[in-house]
Structures are given as structure tokens and as C-alpha cells.
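The values are calculated or read from the model by the stated rules, or taken from the named source; none is laboratory data. Predicted model only: the values in this text are computed from it and were never measured. A quick note on method: Cβ atoms are made from the backbone with ideal geometry, for glycine too, and the neighbour counts reach across all protein chains shown. What goes into the accessible areas is simple: the full protein's heavy atoms, side chains included, and nothing from ligands, DNA or RNA. Shrake-Rupley method; radii C 1.70, N 1.55, O 1.52, S 1.80 Å.
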Number of protein chains: 2
Amino acid sequence: MDPIAKRRFKDEIFEQFARIGKALSSGRRLELLDLLAQREFSVEELAEAASLSVANCSQHLRILHAARLVSVQRDGLYARYRLAGENVLDLYLSFRRVGEERLAEVSRVVQTYLKDRSSLQAITNGELLARLKKRDVVVLDVRPEKEFRAGHIADARSIPMATLQKRLKEIPRRSTVVAYCRGPYCVFADEAVTLLRSHGYHAVRLETGFPDWKMQGLPVATGVQQ
Amino acid sequence: MDPIAKRRFKDEIFEQFARIGKALSSGRRLELLDLLAQREFSVEELAEAASLSVANCSQHLRILHAARLVSVQRDGLYARYRLAGENVLDLYLSFRRVGEERLAEVSRVVQTYLKDRSSLQAITNGELLARLKKRDVVVLDVRPEKEFRAGHIADARSIPMATLQKRLKEIPRRSTVVAYCRGPYCVFADEAVTLLRSHGYHAVRLETGFPDWKMQGLPVATGVQQ
DNA sequence: CAACTATTCAAGCAATTACTTGAATAGATG
DNA sequence: CATCTATTCAAGTAATTGCTTGAATAGTTG
């Protein structure tokens, strides 16, 4: 292969891989992927959850779709978007992990906005698994119900953060409550722990979220709670 | 946490992660990471290997450094760059794998430039490991010697592609030769297999390259060949 | 079939990015 | 200390990207 052809090959092949990097180069699109890691969403739902205009959201989804990171299914008026495969979730989670491990600013932003994060205890996936085996915790999924139904930690109960205040009596008082939500950068579980503690419960949050739990091959379920 | 603060937190935290995506959004920078996966390089060496001006190369390295994906060590006049950690290599390899699995254009570009790729056999890491245990192959590292010294497959011999023609007699004729190089998109091993076969050797290439082998925890060594 | 709804498209504008070029910086050498 | 070397910096230019806005498209409803 002559050097010019070799150079052209290199340029083209790396430009192909760069398509994925371009898709992941926007904070907006990363947030959309984070949401889609929970369940499939319509454009309108995504726009609302990520505080984007529908047109802007649609354009970001188009970019993610062009990079083959999301897939779409038409349902009447609705376009339902989801992550295009398990390997996309895997890539997203490892990408986020490298960000956490390498960028000091990640911790700094967390520290700035969630001042009390260090005082609320967080437990790891492994610690939760061990506690589940001992059956001495209540696992509380505080994501919106649709996300719960799409997939949740096995044996978790669903009480969305939005309705937790008026459903506290459903939670047994004697057990430790482990609240979880979408992931380390979702604050539903932080808010839940704060509310629960202010009512005398012993509560902690799961460090990660449902996608991490699932990707680690830990026990999951779908549908409504038993 | 009020909704406005929550929105600001989300915007800022995802923008932090987007820094990694931005760093990976350029084919140039991906090629630099691919090179740095083999060994540490000076700016000048990287510029030459990737066909970039030194100034342009320096700017791309600055972006990679700002995203904490590479680190630099000054050595007199020289700035020696390397991957900043094992997790960066891991991210790069999984990023490339998702590209391979999801982007049809990757195969198409390979097909266009390496028409004979399908006729030359490639074996997997697992197959090579099994053959090594049976001790019935010669493993040939055809990367430049400096890359070999930085790290190579255990028991591999080093004959850089550039000097293979005149060093053929060093290779035993009776064994199968498995040639490997930097990775699936490096053609040193393709060229080596073609040359070897044209001289009557039975030769194949390793599907992957040294970084994949190492990241999979397979046996490696450093320094000059024993 | 008109009106409504969800989504996408296209164009304009501002910001960002990639490369080049020449200058600046810092270390090495004789 | 002048000269050389490797690298980085800064500015200019062209291309690309992100968001908005209004229009277009396609499906649904009454």
C-alpha cells in the first residue's frame, strides 16, 4: 500500500470513529443519553426533562441517531427514542467513569451544587447487594414510575420523589431505606434521603443508579412492582 | 434543591463530561491516541507519524492534555507525551469497539482501502493464546523497535516491517508466523503477511494489536527481546 | 376535510473549532 | 553569548456547530 493511500486510509478510518466523539461532545446530548439509559422517551418528554426546545432536542437526537447511538420507532405522531444497544450504554457509563476519574472539575461541580453530598451516606452496588441478601434494607426507586416500569432493581419499591412526601407511611420504619434514582448526577435520591431523615427514617442513597446496577449484571426486574 | 439550581447543576456536570467527547471528536486526536497506546512519543515523532505539522500536532496534544487524556514530561528540549492512565486506553479501545460495532462505514472504509483484507487470515487473541500454549507459532512484532521495547506480546520477536525484506532468513520456515502491529487499523501486519507468503511462509495476522492484547490481561513483556 | 398535534427541516446568526503562519519561549550546544 | 532546536502561542481564516425561529411534514381527531 503506497504511503499516500495509507495516509488517506488512516484519515478516513479515524474520521469515522470521530463521529462517535462528535456525538458525545455536547453536554446536551450526554444528558439525553443519560435519560435514555432509564427508558425510551418521546421527543417532547426528552425536551421537557432536559429543558430544551423540542426543535433543539430533535436536532440533538438526529445527531445521536446519525452516530448510531440511538434508535427511533414511530408510533403514530410519536417518535420513541431509545439507546441503540447495550454497547452504547456500556460506552456511556465508561465514558462517564473516565470523566469522574480524570476530571477534578467533576467533583468540584458536585461539591458546589450538592454541598451536603458528603454528609449523606452513599453505599456501593456491592454493599447494597450484600444487604439485599441479608434482607435488612428497603430499596426505594424514586424515579418517575415510567422509568421504574422500564426496569428497576429487583425487589425495589417505587415511590417517585414527586409523591414521596405524602406516601411516607408506606415505608416501614424499622428498616434502613436505600434510595436510588437515575445515577450519580441525579438528585432525586439525595432529596429522598433528606426528606426521609427529616421524618426519622434511617436512609442512605445508592452511589450509582439503575443503569450501572443493570450493566453490572445485578438482579433486575421490569414492569409494575409485585 | 430548587429547579433552577438543579438545571444549572445538570448543565454544568454534563458539560464537564462533554470535555472528553470534544477531545475525542477529531480524527486527528484519535490517531494520536492510537499511537500513544503503543509508547510515549515526542511532539515531533507524533507529528511525523500522523502527517501533521508540529504546530498543529501540538495544539491537538494541548486539547488532549486539557481533557486529562494524556500527560507530558519535559526532557530537555523534548516534551514526551503518553496516555494519562490505563483507563484512558480502556476508554479508547471501547470507544473504537463501539465504532466498529455500530458504524457500517468503518467496515466499508476498510473494504475500500484493504481489498485483500478478507483473503488474509486473521486470528483472535484467544486463538493466539491457545497456539502459544501449544508452542507451534512464531509471533512477529512488525512495529518499529521503540514500540516493541515499550511493550510487546510475551515471546514475540521484533522485526519492523521496514526491515523485514532483508531479515527473512531469521524466521524459521516450518512454523506458522503470526504477525501483529499497532491494531486493527494499522497495516504493517497486512504487509508483513503478504511479504512472508510471497516467500513461501505460512503467515497470518493477529486481528487486534498490542494494546488490545495487553488490556485483555494477556502475557506481555517489555524491553529488548530475549 | 379542517384543525390539531408531534416532529423535523432549513436558514440565520453567533460561537467554536481546525489549520496555517509567523512569532515567542525555553533548553542545548559550541 | 550567538545560534540552533523543539515546542508552544497567538492571530487570521474558513469550516463547523448550537440554538432559535418559522415553515413544512405527517399522523390523528372530530
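Numbers below:
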{"read-out": "Cα-based helix-to-principal-axis angle, B:188-198 vs chain B, degrees rounded to 10", "value": "10 degrees"}
{"read-out": "In Å², nearest 10: area of B:S58 left accessible to a 1.4 Å probe", "value": "50 Å²"}
{"read-out": "Charge-dipole axis of the range A:3-89 as Lys and Arg at +1 and Asp and Glu at -1 on Cβ define it, positive-most pick from A:L77, A:L33, A:F9", "value": "A:F9"}
{"read-out": "Which of B:T124, B:I153, B:V137, positive extreme of dipole for chain B (C-beta unit charges)", "value": "B:V137"}
{"read-out": "DSSP-defined beta bridges in chain B - what % are antiparallel, rounded to 5", "value": "45 percent"}
{"read-out": "At least 50 Å² of accessible area lost relative to the chain alone, listed for the range B:100-126 with a 1.4 Å probe", "value": "B:R102, B:L103, B:E105, B:V109, B:Y113"}
{"read-out": "In Å², nearest 10: area of B:M215 left accessible to a 1.4 Å probe", "value": "60 Å²"}
{"read-out": "Residue among B:L46, B:L77, B:L36 with the largest mean-square fluctuation in a Gaussian network model of chain B, springs linking Cα atoms under 10 Å", "value": "B:L77"}
{"read-out": "Cα-based shape type of the range A:118-221, given that a ≥ b ≥ c are square roots of the gyration tensor eigenvalues and the cut on a/c is 1.5", "value": "rounded"}
{"read-out": "222 nm mean residue ellipticity, helices alone, for chain A (DSSP H n ≥ 4; -39,500 (n - 2.57); rounded to 500)", "value": "-15000 deg cm²/dmol"}
{"read-out": "Other-copy label distances relative to B:Q59, 7 angstrom Cα-Cβ extension, nm", "value": "2.5"}
{"read-out": "DSSP-defined beta bridges in the protein assembly as shown - what % are antiparallel, rounded to 5", "value": "45 percent"}
{"read-out": "Bridge type composition, the range B:116-221 - antiparallel percent by DSSP, nearest 5", "value": "15 percent"}
{"read-out": "Carbon and sulfur %, accessible surface of the range B:116-221 computed with the full protein complex present, 1.4 Å", "value": "52 percent"}
{"read-out": "Net lengthening on full extension, B:A130/B:A55 (0.36 nm per residue, minus Cα-Cα)", "value": "22.4 nm"}
{"read-out": "Probe 1.4 Å, protein heavy atoms only - accessible area per residue of the range B:116-221 in square angstrom", "value": "45 Å²"}
{"read-out": "Computed FRET value (nearest 0.05) for B:E48 with B:V224, which takes r as the C-beta separation and R₀ as 30 Å", "value": "0.80"}
{"read-out": "Per residue value of the accessible surface for the range A:3-89 (all protein chains in place, 1.4 Å probe), Å²", "value": "45 Å²"}
{"read-out": "Furthest towards positive pole of dipole, A:P211, A:T194, A:V98, structure part chain A, Cβ charges", "value": "A:T194"}
{"read-out": "Simple label model, 7 Å out from Cα along Cβ direction - B:R173 to B:E86, nm", "value": "4.4 nm"}
{"read-out": "For the B-to-A rotation axis, chain B residue with nearest beta carbon and its distance in angstrom", "value": "B:S25, 2"}
{"read-out": "Projected area averaged over orientations for the range A:1-112, convex hull of C-alpha atoms, nm²", "value": "9.7 nm²"}
{"read-out": "Relative contact order of chain B, defined on C-alpha pairs under 8 angstrom at six or more residues apart (%)", "value": "18 percent"}
{"read-out": "Degrees separating the helix B:104-113 axis from the principal Cα axis of chain B, which is the longest one", "value": "40 degrees"}
{"read-out": "Estimated buried accessible area (total), pair B and A, 1.4 Å, Å² to nearest 100", "value": "5400 Å²"}
